[in-house]
Amino acid sequence: MTTRARHSHHRRPGRPREEATEQAITAAARQVLADKGVARMSMEHVAARAGVAKSTLYRRWPSKVELAVHAVAATFDEIEVGDHGSLAADMRSGIEEAARLLRDPSTGGAYAALLAESARDPEGVGTQVRESLSTRLHALVATSVARAIERGEIQPDMVDVDLLADVVVGSVMHRSLATGVPDQAFVDGLIELLADVAYARLHRAAVAASAARATD
């Protein structure tokens with residue numbers, strides 16, 4: 001099983017007023033990003049919408065790209081991977097929560113803007129998106145898989161966490177951005193598909209083990 005490094009998100013220390021300011025800036029940045037895209041987004045636009053001085057932004061984020069990535073990543077930090085008793089239930093909860101977040105136009109639009117800019121600038125914006133946002137989303141899947149291994153649901157060598165995360169995150173985001181926000185039928189279908197794949201792998205492993213015993 002392979003995993004990507006987990007991203008540890010640390011909230012900056014500060015008084016409630018400072019936290020409220022950061023939340024206002026983050027929300028403003030998401031909206032500006034969704035409305036204008038990365039290229040036309042500016043620190044001036046965000047500062048004006050958040051009602052703060054531009055210098056307040058620069059004290060926290062050296063560039064608009066870093067602010068844009070933070071604004072989207074902070075939203076997905078809201079997803080909590082609770083223990084729901086099975087890998088399927090954990091994955092369902094995470095997918096449903098991601099879909100809920102993406103129903104907000106500023107979040108969905110901001111994420112789409114970041115992906116578009118990543119495609120245009122894979123070495124710059126793309127690198128920041130992979131190191132921050134993608135790592136967060138993969139960590140959510142890794143947590144669910146690790147819990148399933150501890151339960152004995154699956155074996156460590158049965159799951160490539162990176163591949164599973166790409167399938168889950170990619171499917172949810174593609175549905176959200178290209179064909180509409182995932183509905184319950186989509187979530188049910190995706191979970192069923194993943195369960196079928198897991199069952200097929202278990203079946204192949206059982207057949208291989210049986211064949212090995214027969215040749216001993």
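Bear in mind that the values in this text are calculations on the coordinates, not laboratory data. This is a predicted model, so every value here is computed, not measured. Cβ atoms come from the backbone with ideal geometry, glycine included; neighbour counts cover every protein chain shown.
Name the GluC sites (Glu not before Pro) in the stretch 20-93 that are in a loop by DSSP and that have at most 16 other C-beta atoms within 10 Å, would you? In loop regions of the stretch 20-93 (DSSP not H, G, I, E or B), the sparsely surrounded GluC sites (Glu not before Pro) are Glu78, Glu80.
Give me D for the stretch 108-156 in µm² s⁻¹, whole number, from Stokes-Einstein with Rh from the Kirkwood sum over alpha-carbon pairs, 37 °C and 0.692 mPa s. Each step should come with its number before you reach the end.
On the way: Rh = 12.4 Å.
Using the Kirkwood radius from Cα pairs, D works out to 265 µm²/s.
Can you bin the stretch 137-182 into rounded, prolate or oblate? Criterion: square roots of the alpha carbon gyration tensor eigenvalues sorted a ≥ b ≥ c, rounded for a/c under 1.5, prolate for a/b above b/c, oblate for the rest. Prolate, because a/c is 1.5 or more and a/b exceeds b/c.
The length gained by stretching the chain between Asp104 and Arg49 to full extension, at 0.36 nm per residue less their Cα-Cα distance, is 18.0 nm.
Dipole magnitude of the stretch 39-130 about its Cα centre, charges +1 at Lys/Arg Cβ and -1 at Asp/Glu Cβ only, in debye to the nearest 20? Each step should come with its number before you reach the end.
Values: 11 positive and 13 negative charges, 108 e Å.
Result for the stretch 39-130 is approximately 520 debye, rounded to the nearest 20.
Its Cα gyration tensor gives the chain an equivalent ellipsoid; the semi-axes, largest first and in whole Å, are 39, 17, 16.
Estimated from helical segments only, the mean residue ellipticity of the chain at 222 nm is -23500 deg cm²/dmol, where each DSSP H run of four or more residues counts as -39500 (n - 2.57). Estimated from the Cβ-Cβ distance and a Förster radius of 45 angstrom, the FRET efficiency linking Arg59 and Tyr199 is about 0.30.
If you stretched the chain out fully between Asp121 and Ala20, how much longer would it get, using 0.36 nm times the residue separation minus the C-alpha to C-alpha distance? Mind showing how you got there, number by number?
Numbers: separation 101, 0.36 × 101 = 36.36 nm, distance 3.20 nm.
Result for the pair: 33.2 nm of gain on full extension.
With a simple spin-label model that places each label point 7 Å from the Cα along the Cα-to-Cβ direction, the separation between Asp216 and Ile154 comes to 2.7 nm.
Restricting the calculation to Cα atoms, the stretch 62-185 yields a radius of gyration followed by a Dmax of 14.9, 46 Å.
Taking 0.36 nm per residue of sequence separation and subtracting the Cα-Cα distance, how much length would be gained by fully extending the chain between Glu192 and Leu177, in nm to one decimal?
Values: separation 15, 0.36 × 15 = 5.40 nm, distance 2.20 nm.
Result for the pair: 3.2 nm of gain on full extension.
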